[in-house]
């Protein structure tokens, strides 16, 4: 591990498996548990950096695959790196692109050295290797970067055995390639739903030693119970002194249940993608603003919510914006959904620090149950 | 004219034909000359009300035709009127829908009593009469409302003769139907490019007496010179004590040349529509952010501009957002274009108040000429 004075993780408190920590990066501190809004193409869709500040975003995520293809990582480096490029002076994490080259790119061919694929933007051919994924992420200049990995279908054992061997070999190569002391490198634990593979992966990566551990390959079709079993297993195997980042998860419920199993960091496009389809996250469940019952509803999206959308606009207006396909509707619903995710993460942290996480968790689920009963 | 203590227009200064005034409305004062951002569907596309405040918007415009069809003027009235509905506490002007029923609606049939048309949204049949247009605008509750009119092709004399007779008859009916003392009613001068018809229209409407005079039927294909000749004619015929509002115009250049011919108020979708197509207005001309030459350009859209977009983002980033079809790109370009329009209007006003409008106008054109030579 490249030592970096600019990067540290202090575990402030634990309450059962739940943890509250502080991640220090060259671009500021990230209190954990943390939900990271996703800015795939160097913008969290429909929000500006000042909107993100306002709702309390700490670290945000950007996507190696997308930015490599467009506008190009070398261009971003010439323009001063990702922080300057997108006008976000806070912490950024870039994923490795491993998931995207296998899910978004076209005509991909994977071998032990890397992945050849065609761009989903223009069909041009490209190749990612572990070294290339690190080089791109160094050009982008995020505070936290992630190893290149192969994410296999969660319930295919043979595939996962093969993919895990590659993922581990690539983790070694990523670690060797990692050169910037101002960037922390996270390993990625894979192994699908299989306890033996997940355990092997956690031990292998912990032995290699990383500044943090991403947990990949979950929330891709397995059941919540299967995901929870993997998280519980990993909580006992991953080094406690480093942050654990559950990739691509989730919802307010996922945050609560992930933290209950030792997770510190989360990211997911769900709150932002839902918003652009009229979906609203609330503490009592979901609603879709397209529903005709909101046409005359003067109430805010979520009574009691302090976000700009809830403080100033009715469901009736937000439904109108959605019906009329107005950009402001996407903006306001995104603002609300992310505000909720960030607020829930803050509440969880406060509960852990106060030693009352279980009470928070019970109240959280009780509120959901009451509203749907 | 219904007297209203809540509404007045004070002509603070004149400098040649150029005027600087103050329009007082129940929702605040509007310094003139004023550019009114267009919020067709109860939202200025891609901006929130707080964005509009930030860039100094005074009065904004909303559209009777669109809001009648969706979400419905009666619904908006039940929800407290347009100001409450859209979260905009400043002044609002609604147009009459006359232009839209003839340009946007389908299978329209016009007679002396009104217009029957089919909705462009769902094909349903509707009918607007002068009384209906006023009733809708009373439901919406804007500070300034406008007479229902027939807008004819600018260079068709016979058509304009007929349309003008209807427009005048409808102006009388609108004035008779106008009932809310907290709304000011503007007449609309029509007559195409024809001096005799424009003069007839100005005299007829001035005799009827309105709180202000909209100038319709321009910027629809005639030359700039033809538009200017109409404005110069009307400046000598319209009552000087009421504001003149040139509908659907324009650009920074149009503002300067309109004010030079006695116009006080302007609206246009151009700055917002252009923005969503990558078009940028500047003091030295236009640029399109899609152009490949901006791909590596670290400069702001317009050096020296103080808007949020120019203060924080490069042309390279804004081009990337446009290429990636990101909402934030539409937002930031819209913010910049409207900021420029509002700033130019403020500068013109200051110049008129200081008695140096001609110097401002000369400098404005000289800057444009230098940049394109």
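Scanning region A:317-328 for residues being in a helix (DSSP H, G or I) and within 7 Å of chain B (Cβ to nearest Cβ) gives a total of 6. Comparison of B:108, B:198, B:173 shows that the only residue that is touching a helix residue (DSSP H, G or I) at 6+ places or on another chain (Cβ under 8 Å), surrounded by fewer than 21 Cβ atoms within 10 Å (Cβ to Cβ) and under 30 Å from residue B:8 (Cα atoms) is B:173. Of the numbered criteria (1) surrounded by 20 or more Cβ atoms within 10 Å (Cβ to Cβ); (2) within 14 Å of chain B (Cβ to nearest Cβ), the one residue A:273 fails is (1). Residues in region A:303-316 that are within 12 Å of residue A:335 (Cβ to Cβ), part of a loop (DSSP other than H, G, I, E, B) and more than 9 Å from every other protein chain (Cβ to nearest Cβ): A:305, A:306, A:307. Answer yes or no: is there a residue in region B:45-62 that is at the interface with chain A (Cβ under 10 Å from one of its Cβ atoms) and surrounded by fewer than 20 Cβ atoms within 10 Å (Cβ to Cβ). Yes; the residues of region B:45-62 include at least one that is at the interface with chain A (Cβ under 10 Å from one of its Cβ atoms) and surrounded by fewer than 20 Cβ atoms within 10 Å (Cβ to Cβ). Inclusion of residue B:315 among residues that are under 22 Å from residue B:274 (Cα atoms) and more than 25 Å from the chain's Cα centre (by Cα) is warranted. Test residue B:40 against the criterion of being touching a helix residue (DSSP H, G or I) at 6+ places or on another chain (Cβ under 6 Å), within 14 Å of another protein chain (Cβ to nearest Cβ) and under 19 Å from residue B:266 (Cβ atoms), and give yes or no. In short, yes.
For the residues A:82, A:102, A:23, the requirement of being over 25 Å from residue A:167 (Cα atoms) and more than 17 Å from the chain's Cα centre (by Cα) singles out A:82.
In the set B:258, B:248, B:217, only one residue is surrounded by 24 or more Cβ atoms within 10 Å (Cβ to Cβ) and closer than 21 Å to residue B:185 by Cα; that residue is B:217. From the list B:338, B:342, B:333, the lone residue that is modelled with pLDDT of 95 or more, surrounded by fewer than 24 Cβ atoms within 10 Å (Cβ to Cβ) and within 27 Å of the chain's Cα centre (by Cα) is B:342.
Within region B:291-302, one or more residues are more than 14 Å from chain A (Cβ to nearest Cβ), modelled with pLDDT of 95 or more and either closer than 23 Å to residue B:52 by Cα or part of a helix (DSSP H, G or I) (or both).
Residue A:123 fulfils the conditions (1) in a loop (DSSP other than H, G, I, E, B); (2) surrounded by fewer than 20 Cβ atoms within 10 Å (Cβ to Cβ); (3) within 14 Å of chain B (Cβ to nearest Cβ) except for a single criterion, (3).
Could you please let me know if residue B:149 is away from chain A (no Cβ under 14 Å) and in contact (Cβ under 8 Å) with a residue 60 or more places away in the chain? Criteria met by residue B:149. Taking (1) farther than 22 Å from residue B:247 by Cβ; (2) under 20 Å from the mean Cα position of the chain (by Cα); (3) part of a strand (DSSP E or B) in turn, residue B:61 satisfies each apart from (1).
Using the structure shown, decide if residue B:203 is touching a residue at least 24 places away in the same chain (Cβ under 8 Å) and surrounded by fewer than 16 Cβ atoms within 10 Å (Cβ to Cβ). Yes; evaluated as a whole, the condition is true for this residue.
Here's a check for you: in region B:70-83, which residue that is touching a residue at least 40 places away in the same chain (Cβ under 8 Å) and surrounded by fewer than 17 Cβ atoms within 10 Å (Cβ to Cβ) is farthest from residue B:48 (Cα to Cα)? Only one residue fits best here, namely B:74. Can we say residue B:67 is within 12 Å of chain A (Cβ to nearest Cβ), in contact (Cβ under 8 Å) with a residue 40 or more places away in the chain and within 18 Å of the chain's Cα centre (by Cα)? The answer is yes for residue B:67.
Filter region A:248-267 down to residues that are in a loop (DSSP other than H, G, I, E, B) and over 14 Å from residue A:59 (Cα atoms) and give me whichever is modelled with the lowest pLDDT. Across region A:248-267, the extreme among qualifying residues is A:250.
For region B:84-103, what are the residues that are surrounded by fewer than 20 Cβ atoms within 10 Å (Cβ to Cβ) and within 14 Å of chain A (Cβ to nearest Cβ)? Answer for region B:84-103, where residues must be surrounded by fewer than 20 Cβ atoms within 10 Å (Cβ to Cβ) and within 14 Å of chain A (Cβ to nearest Cβ): B:84, B:89, B:90. Within region A:132-141, the set of residues being crowded, with 23+ Cβ neighbours inside 10 Å and under 17 Å from residue A:188 (Cα atoms) comprises A:133, A:134, A:137. Within region B:11-44, the residues that satisfy the criterion of being surrounded by 24 or more Cβ atoms within 10 Å (Cβ to Cβ) and assigned to a loop (DSSP other than H, G, I, E, B) are B:33, B:37, B:39, B:42, B:43, B:44.
Scanning region A:329-343 turns up no residue that is on the phi > 0 side of the Ramachandran plot, away from every other protein chain (no Cβ under 14 Å) and in contact with a strand residue (DSSP E or B) (Cβ under 9 Å, 6 or more places away or on another chain).
Among the candidates A:277, A:325, A:288, the residue that is in contact with a strand residue (DSSP E or B) (Cβ under 6 Å, 6 or more places away or on another chain) and without any contact (Cβ under 8 Å) to a residue 24 or more places away in the chain is uniquely A:288.
The values are calculated or read from the model by the stated rules, or taken from the named source; none is laboratory data. Only a predicted model underlies this, so the values are computations on that prediction, with no experimental measurement involved. Positions of Cβ are backbone-derived with ideal geometry, glycine not excepted, and every protein chain shown enters the neighbour counts.
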